[in-house]
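The values are calculated or read from the model by the stated rules, or taken from the named source; none is laboratory data. Just so it is clear, the model here is predicted, and its values are computed rather than measured. Neighbour counts are summed over all protein chains in view; Cβ atoms, including those assigned to glycine, are modelled from backbone coordinates with ideal geometry. Ligands, DNA and RNA are excluded from the accessible area calculation, which covers all protein heavy atoms including side chains. Shrake-Rupley method; radii C 1.70, N 1.55, O 1.52, S 1.80 Å.
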Amino acid sequence: MAVALAVTGGGGQYNGRMTWFVVLSCMMAAMGGVIFGYDIGISDSYNDYLCEGGVTSMEPFLKKFFPEVYRKMKVDTKISNYCKFDSQLLTSFTSSLYIAGLVATFFASSVTKVFGRKPSILTGGAAFLAGSALGGAAFNVYMLIFGRILLGIGVGFANQSVPLYLSEMAPPRYRGAINNGFQFSIGIGALVANLINFGTEKIEGGWGWRISLAMAGVPASILTLGALFLPETPSSLIQSSSDHDKAKQLLQRVRGTTDVEAELEDLIKASSISKTIKYPFKKIIQRKYRPQLVMAIAIPFFQQVTGINVIAFYATLLFRTIGIGESASLLSSVVTGVIGAGSTFISMLIVDKFGRRALFMVGGIQMLISQILIGGIMATQLGDHGTVSQGYAYLIIILICIYVAGFGWSWGPLGWLVPSEIYQLEIRSAGQSITVAVSFIFTFIVAQTFLSMLCHLKAGIFFFFGGWVIVMTAFVYYLLPETKNVPIEQMENVWKEHWFWAGIVGEEDEKIKIQGV
């Protein structure tokens, strides 16, 4: 059965329709985003202090595992508002996930290329499920850390394989909408985590945090079981086997039409090239792939220095810093979660119409203005020891919501979409691993340095990240070509037609032709 959304041939497009087969498969795969989002809302709440309504806003959790932070928060009133949660032990614990994910994503690259996208998704779900069980049952910090490492392995595998799966399964005209579903799923996971935290924080007896941590096993179970029934992508099937008839049957089922010869021919051609490449990580550093390598590094780096870690990961701290009570700050985080998910849904609807560049530009300007205003208000109205007036507090919340909406329809989803769709098949798995690794590296760096930066820069931290937003918006304007509606196997052509990259890629093509002659 197929949804009546035609993808006509011509103009670089293939024949086919958006089928229910694709929709259901991608919905199941996108559960990888839900586990990542849930971890952001729950586990990353370890992130040094009270991030987005997380379990560390629960005093029993702090008392049991991080008593020093609890003491500073409750007893030492002389510590600056910006410094009271500065704990390197808590920071290091949080960052263990990113180190584990960083290592895991390179293993995932080999699994994804050799065995397929499905085994990587399955591995990610199983590891995350085990980590959530350990976290919920933890009775000492060591169990928490080990569980955190397993969560990192799960996220590393899922983040490496799921965006590739979505981009390869989607018809070109709807690839943006389907792939943005990954970020939408992240938003849903974080929102659910915030809602659970809001409820479990009220539980008497001090064990609500166990429910919050253990509930991560629900989406992980769905992903793990669902992965058993997921089909492989046609690209992966052709890459890992020589049974083209089987791949053709799958492609016909995926596209809802028997006329798939053009796409199948491109897939076979890409696979033939891919099978000649033994060392994709060595291959991707060649001049021919320079644009893709730059994007694989720059886009996830910029995504982490948007300032989203300040506003989203640490929303509850900010709300408390400006004088909003614990329950109110948790509720405010839920509101920002709804806005983030809603704006990402809007991005799904418009990204294939207006394109990636337009959303990047509009979102960047929106985030920059919000950050400047928030930083200005906090610099002028909030001292080291005190609060802002209720009117200014609500204004900051509104500005945070505007910022979250800007991120939600730009750098949030597009930071996953663009890297996953620009790589040729021979470097696709390696390129996605680099993207995930860079994301984890700079998330780790932000996690390790944010507390100290907040303590020293105070409100100036918003201007610091605002400066990066200016840089990244200019980067997109000058160096990122538009990729909407371009079939993934023909994506290399956008670089040959770009004003800057054409000189680099074109020179390499000329060298290859001369050598061939």
Query raised in the report: Hey, what's the stretch 189-318 come to in accessible area per residue, 1.4 Å probe, Å²?
Result: 42
Query - Additional length obtainable on full extension of the chain from Trp20 to Ile398, 0.36 nm per residue less Cα span - result: 132.2 nm
Query raised in the report: Ordering Phe182, Phe36, Phe146 from largest to smallest accessible area (1.4 angstrom probe), what's the sequence?
Result: Phe146, Phe36, Phe182
Query raised in the report: ³J(HN,Hα) across the stretch 284-299 via Karplus (A = 6.51, B = -1.76, C = 1.60, θ = phi - 60°), whole Hz, x for Gly/Pro?
Result: 5, 8, 5, 4, 4, 9, 4, x, 5, 5, 4, 5, 4, 8, 5, 5
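I need the Kirkwood Rh of the stretch 186-225: take the reciprocal of the average 1/r across all distinct C-alpha pairs and report it in angstrom.
Hydrodynamic radius (Kirkwood, Cα pairs) of the stretch 186-225 is 10.7 Å.
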Query raised in the report: When the Debye formula is applied to the Cα atoms of the stretch 349-461, each taken as the same point scatterer, what base-10 log of I(q)/I(0) results at q = 0.16, 0.19 Å⁻¹?
Result: -0.93, -1.10
Report task. Counting other Cβ atoms within 10 Å, keep those with at most 13, restrict to DSSP loop, and tell me which GluC sites (Glu not before Pro) in the stretch 168-225 are left. Result -> Glu204
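Rounding to the nearest 20 debye, state how big the charge dipole of the stretch 167-250 is about its Cα centre with +1 on each Lys and Arg Cβ and -1 on each Asp and Glu Cβ.
160
Please compute the Kirkwood hydrodynamic radius over the stretch 174-312, one decimal place, Å, based on all pairs of different Cα atoms. Intermediate values should be presented prior to the final figure.
Working: mean 1/r = 0.0510 Å⁻¹.
This gives a value of 19.6 Å.
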Query raised in the report: Using the Karplus equation 6.51 cos²θ - 1.76 cosθ + 1.60 (θ = phi - 60°), what ³J(HN,Hα) coupling, rounded to whole Hz, does each residue of the stretch 338-345 give in order, writing x for Gly and Pro?
Result: 4, 5, x, 5, x, 5, 5, 4
Query raised in the report: Roughly speaking, what is the stretch gain from Ala137 to Phe354, that is 0.36 nm per residue apart minus the C-alpha to C-alpha distance, in nm to one decimal?
Result: 73.4 nm
Requested in this report: With label points built 7 Å along Cα→Cβ from the Cα atoms of Ile222 and Ile470, find their separation and express it in nm.
Outcome: 4.3
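Using R₀ = 25 Å, calculate the FRET efficiency as 1/(1 + (r/R₀)^6) where r is the Cβ-Cβ separation of Ser389 and Val338; round to 0.05.
0.45
Using the Cα centre of the stretch 82-228 as the reference point, and only Cβ charges (+1 on K/R, -1 on D/E), how large is the resulting charge dipole? Debye, rounded to the nearest 20.
Values: 9 positive and 4 negative charges, 74 e Å.
It comes to approximately 360 debye.
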Report summary line: Rg (one decimal) and Dmax (whole number) from the Cα set of the stretch 113-218, in Å, equal 16.2, 53
Report summary line: Nearest-0.05 FRET efficiency for Thr449 and Asn493 at R0 = 35 Å, using Cβ-Cβ distance, is 0.30
**Report entry** Whole-percent carbon and sulfur share, accessible surface of the stretch 227-280, 1.4 Å
**Finding:** 52
Requested in this report: With all protein chains present, calculate the accessible area of Tyr38 using a 1.4 Å probe and round the result to the nearest 10 Å².
Outcome: 10
Query raised in the report: Going 7 Å from the Cα of Trp207 toward and past its Cβ, which residues in the stretch 123-166 have a backbone nitrogen under 17 Å from where you end up?
Result: 133-140
**Report entry** Using θ = phi - 60° and Karplus 6.51 cos²θ - 1.76 cosθ + 1.60, couplings along the stretch 244-255 (whole Hz; Gly, Pro as x)
**Finding:** 5, 5, 5, 5, 5, 4, 5, 5, 5, 5, 5, 8
